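Here, each number is a calculation from the coordinates, and none is a lab measurement. Source: prediction; values computed, not measured. Here Cβ is always computed from backbone atoms with ideal geometry, including for glycine, and neighbour counts include all displayed protein chains.
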Amino acid sequence: MRDAAPGVVGILVSSADTIRQVGGFVVDPSGLVITHAGPLEAAQAILVKLPSGDAYYRASVVATDLRHAVAALQIDPSGLPALSLSSDDSLEIGSRVVAVGSPGEHDPAVATGTVSGRRQLDGSYFLQLAVPLSPASSGGPVLDEQGRVVAVAAIDSREGSAVDVAIPIAHVRSLLERAGVNPPGAIVAGEPAQDEMPVANTANEATDAAERAPAPRGEVTASMEPYEGTRDDGADGIAAGQAARERRRSSAATSLTGAWRLVNVIQETSHPPYQGLELEFRVFLQQQDSTISGRGQKWAENGKPIAAHGRTPLSIEGTVKDGVVTATFRERAAERTITGLFAWTVTPDGEGLQGRFSSAASDSRGTSRAERIE
């Protein structure tokens with residue numbers, strides 16, 4: 001399975017003040033990536049990380065199949081190693097498979113097991129796996145013994161508990177076909193993939209077709225609004241959502257232009273020495289309408305100031321909407337460029353930012369806060 005590793009990617013998804021990491025895989029050298037659609041539904045920023053360490057923060061969603069929870073992303077580079085998609089849809093119960101997860105600092109996570117059954121979720125059929133998946137495996141490829149992609153890994157929690165399932169490759173091929181994309185050897189001529197139990201109602205069929213229609217390149221078909229509480233949460237949930245919106249509207253009126261002290265605390269990382277590390281940056285942010293950019297330097301580590309010659313430059317680009325800031329960052333260290341995401345909420349007084357960050361360096365993530373500097 002080592003041949004597949006260069007084509008497996010990590011994906012950081014920011015929505016509201018949450019950042020998730022999932023997996024994905026390249027299906028065309030032009031930079032077309034397949035992943036699980038679930039985490040993208042409220043995405044405000046998407047960063048794709050390659051096993052080489054390169055990261056691309058201008059990923060766009062080019063097609064989604066919400067019913068079968070699979071999506072296609074496009075990133076800039078060309079000449080990427082692409083995985084081969086199986087043309088055989090008859091994966092049997094008991095078949096041995098390998099799930100390849102989001103790459104860490106060095107190699108992707110690999111888990112082996114079998115197909116244990118079929119599972120119906122919201123009227124669609126998925127493969128149930130006897131494979132230990134991690135959250136970072138969701139969206140990654142499930143390979144057969146020949147190294148071909150036979151499914152997309154997904155951790156589904158729609159029934160109240162996490163279930164390791166896989167999206168059959170037929171739905172990936174159908175998605176690519178409807179999107180007008182034809183990776184070499186990936187598309188098999190014929191009708192679009194159908195579920196084992198097709199929907200007979202004509203109105204439902206029309207709705208399903210609309211849900212699965214490809215988006216024009218660069219557009220996201222799913223909602224881009226952050227979660228604010230729904231009727232399923234009851235009156236308390238709705239009230240909480242309304243209060244959150246009001247707070248953000250009031251704070252959104254304040255421009256973020258100015259000098260800021262930014263502090264990231266690493267809470268999770270694949271490199272144990274980084275655990276608990278506090279990183280302080282001094283940045284100047286510039287807001288123009290709904291866009292934000294910034295330049296600054298790393299200023300201190302664990303409260304210890306960094307000498308001027310050792311300060312690494314930091315650049316930030318992002319958007320502001322209703323008091324929610326989603327931004328990508330690049331820190332140019334001595335031997336590499338570190339990329340990642342910020343997801344902040346502006347405090348009610350407009351004088352602070354609170355949220356999370358995630359970095360491609362050693363898969364580090366944790367809390368992020370900022371306060372204005374007078």
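One table, with the values for the structure above:
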{"item": "Every residue from region 315-350 that is acidic (Asp, Glu) and touching a residue at least 24 places away in the same chain (Cβ under 8 Å)", "result": "317, 322, 331, 349"}
{"item": "Residue that is nearest to residue 259 (Cα to Cα) [pool: residues in region 345-374 that are assigned to a strand (DSSP E or B) and among the charged types (D, E, K, R)]", "result": "372"}
{"item": "Those residues of region 317-374 which are touching an Asp or Glu at 6+ places or on another chain (Cβ under 8 Å) and among the charged types (D, E, K, R), in sequence order", "result": "351, 356, 363, 365, 371, 372"}
